[in-house]
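The values are calculated or read from the model by the stated rules, or taken from the named source; none is laboratory data. None of the values given here were measured: they were computed from a predicted structure. We place every Cβ from the backbone using ideal geometry, glycine too, and count neighbours over all the protein chains shown. Quick note on the areas: whole protein, heavy atoms, side chains included, nothing else; ligands and nucleic acids left out. Shrake-Rupley method; radii C 1.70, N 1.55, O 1.52, S 1.80 Å.
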Amino acid sequence: MIIYFILGLLASFALVSALIALLIMFLRKNWNHANKTRLSYLVPLVLIAAITFISMSQFIPRLLDLVQLASRQYSVREVDIPGDAIPGNRTMTADGLTFYFPPGVFDAGEKGRYQITYTPRTFFIINVVRFGDVPD
């Protein structure tokens, strides 16, 4: 499960790096007055907004969670999962929080009582221990 977390960190880093490279390219066009359309002057603003959004929502929280991952200091929670809590898109909502997990951890429609270990900022599930079925 840790491999999927690290792959997500690398993917978000690659995306931010590619957007920064595009930003530099479009800024050079602006500085050299080589733009062919008026709209291309605004592209750096859109790229800055995209870089900021992806950095704040994906890259920086994953980077900060990497410290927790290296020191093995995770958050732990016991959750009761009803049958409809896992829709099949590798997310789970329990106790008002949305947790993310790699494929193969839970099946769609699976229910029971679990102890989950997750990262504190991105809510990525690292370990799952099944306690048993939820009493009706």
Inset, instruction - Multiply the residue separation of K111 and S40 by 0.36 nm, subtract the distance between their alpha-carbon atoms, and state the gained length in nm to one decimal. - result: 20.4 nm
Inset, instruction - Please identify every one of the trypsin sites (Lys or Arg not before Pro) in region 22-99 that sits in a loop by DSSP and has no more than 15 other beta carbons within 10 Å of its own beta carbon. - result: K36, R38, R72
Inset, instruction - Apply the membrane-span-like helix rule to the chain: whole DSSP H runs, Cα extent along the own long axis of at least 27 Å, mean Kyte-Doolittle hydropathy at least 0.5. List the helices found. - result: 2-31
Legend entry - Residue of L39, L63, L27 that the Gaussian network model of the chain assigns the largest fluctuation, springs spanning Cα pairs under 10 Å: L39
Inset, instruction - Determine the sum of side-chain charges near R121: Lys and Arg each +1, Asp and Glu each -1, restricted to other residues whose C-beta is under 11 angstrom from that of R121. - result: 0
Inset, instruction - With a Förster radius of 35 Å, plug the Cβ-Cβ distance of I24 and I2 into 1/(1 + (r/R0)^6) and report the FRET value to the nearest 0.05. - result: 0.60
Legend entry - Tensor-based shape of the chain (alpha-carbon gyration tensor, a/c under 1.5 rounded, otherwise prolate or oblate): prolate
Inset, instruction - Run the accessible area of region 1-131 with a 1.4 Å probe and give the carbon-and-sulfur part as a rounded percent. - result: 63 percent
Legend entry - Charge context of P44, other residues only, Cβ under 11 angstrom, K/R +1, D/E -1: +2
